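To start, the structure itself, in structure tokens.
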């Protein structure tokens, strides 16, 4: 029987670290999408130089200069996501659906007419405010596989050893999950080697069935306040103040089960549950211009500043272990099951800076019969950065270095077309979103295809769109000192959206 040291601490006296942010959280908030109106989505949101649509205010605010009438619109969106995962040669699948609003907004336009229009260089002036959704976090995914090389408890042992091993200082400062593994008899001193070091006592040779389940809800919306106008019917200018609001909830369960059938190896199973609720508010500025080169060609340019987001995390964990006969050898009436539960919800406040963007675009117009339009967008995901509280400067530097090593710059391309048949329009679009990852383990480019139609009169309009996107990502269930020691779970995401926009002009 292994000798174990069991020490009880009063949690309220500990300074246990509760920072849950990582590079994946940064990407979640930094990899914004574009939703908006059904018309915008039908042309893959290639709205950087077409203008005249509320979606464009989050892409190129100069599009407000195209308006000739005031307008109110709103867009419900039904989304459905399917994830198929592969981990250690085993497969799983999950689905998640949600109904939400992709856009609601009002544009107030003052268009000069007659002699006033002839005398004034500024032909129109407009102001708009409303909401565009820029991310939908509703998602479920899971994966499972047999691992006979390592355990998640190895990660938590490493967390102790990074603080000098298993001692009073590390017990007071290690993260809650590692501390829970110690309290549930999964970690102890290495009595067969360096006794100052922490060691996982989960046996792996007989195989562990590892299963991870993730449940996510929430989204990211942008309140837009846009002003702009039309100068000499040649140059459209605009600016958007974007106020970002974030609501994200995640619950994930990680389970390991011993497959050896050995009832005397001091391990049967562990279950680890983590719950996280994040809310936040951010701010950014977008500046844009559209140049009307001729009646049939427009060129657009937009600059987005990084978004500074102040975030609040609320987190808690529960860990349960079944150590077979470990606790019953000296006391046959004892239970082999031990549970650690956080005594209170932990809170943490911090700031995240997401990437800025540069967007160039052009539109070819075929008189009043339709158009072809395209946007090219550049951003650098490695520029994302956290700002923690001053006491956590080492953790801040470490995480920002991880972001710089994990991510890279990317180019996104969106192409859309519209054909007009009197009052009816037919639309289609395609978008390519470059992978944010430096690693080439899996091609994580995201592809989007869209179709739509619309009916417009002088006073109202109705648009519909269907959008389908595909992407693969590689996720490690946990990270050890040698990244190659942990296999990747490959998750293939297919998501579809159905949108309808109803609007009135006045």
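Derivation of every value follows stated rules applied to the coordinates shown; laboratory data play no part. On a predicted model such as this, the values are computed, not experimentally measured, just so you know. Reconstructed Cβ throughout: ideal geometry from the backbone, glycine too, with neighbour counts over all protein chains shown.
Arranged by the count of other C-beta atoms within 10 angstrom, fewest first, what order do 179, 231 take?
Numbers: 179 27, 231 17.
The fewest-first ordering by Cβ neighbours comes to 231, 179.
Among 307, 281, 320, rank each residue by its count of other Cβ atoms within 10 Å, from fewest to most, as a rough exposure measure.
Details: 307 24, 281 14, 320 17.
Going from least to most buried by this count: 281, 320, 307.
Relative contact order for region 175-220: what percent, with Cα pairs under 8 Å and sequence separation of 6 or more? Could you put the intermediate results ahead of the total?
Values: 22 pairs, mean separation 10.1, N = 46.
It comes to 22 percent, rounded to a whole number.
Which percent, to the nearest 5, of DSSP beta bridges fully inside the chain are antiparallel?
Details: 225 of 225 bridges.
Roughly 100 percent of the DSSP beta bridges within the chain come out antiparallel.
For region 331-398, what is the relative contact order in percent, using Cα pairs closer than 8 Å and at least 6 residues apart in sequence? Let's see the in-between values first.
Values: 60 pairs, mean separation 22.0, N = 68.
Relative contact order for region 331-398 comes out at 32 percent.
With just the Cα atoms defining each centre, how far is region 261-316 from region 346-415? Give it in Å.
Value for the Cα centre distance between the two parts: 9 Å.
At 4 °C and a viscosity of 1.567 mPa s, what translational diffusion coefficient does Stokes-Einstein give for region 50-208, taking Rh as the Kirkwood radius over Cα pairs? Give it in µm²/s as a whole number.
Values: Rh = 21.7 Å.
Once the numbers are plugged in, D ends up at 60 µm²/s.
Only Cα pairs under 8 Å and at least 6 apart count here; give the relative contact order of region 43-193 as a rounded whole percent. The partial results should precede the final answer.
Numbers: 221 pairs, mean separation 28.0, N = 151.
Taking the mean separation of contacting Cα pairs over the length of region 43-193, I get 19 percent.
Can you quote the Å³ per residue value for the convex hull of the Cα atoms in the chain, rounded to an integer?
Numbers: hull volume 71.6 nm³, N = 506.
Dividing the Cα hull volume of the chain by its residues yields 141 Å³.
Mind sorting 418, 389 by how few other Cβ atoms lie within 10 Å of their own Cβ, fewest first? All intermediate terms of the calculation are to be shown ahead of the outcome.
Working: 418 23, 389 13.
The most exposed by this proxy come first: 389, 418.
Mean shadow of region 242-335, computed from the convex hull of its alpha carbons, in nm²? Working shown, then result.
Working: hull surface 47.9 nm².
Averaged projected area of region 242-335's Cα convex hull equals 12.0 nm².
Given the rule -39500 (n - 2.57) for each run of at least 4 DSSP H residues, summed and divided by the residues of the chain, what is its mean residue ellipticity at 222 nm, to the nearest 500 deg cm²/dmol?
Using -39500 (n - 2.57) per qualifying helix, the result is -3000 deg cm²/dmol.
Report the Cα centroid-to-centroid distance between region 212-229 and region 163-189 in angstrom, as an integer.
Taking the Cα centre of region 163-189 as reference, the centre of region 212-229 is 38 Å away.
Just how far, in whole angstrom, is region 52-103 from region 433-466 if you go by their alpha carbon centroids?
Answer, in whole Å: 8.
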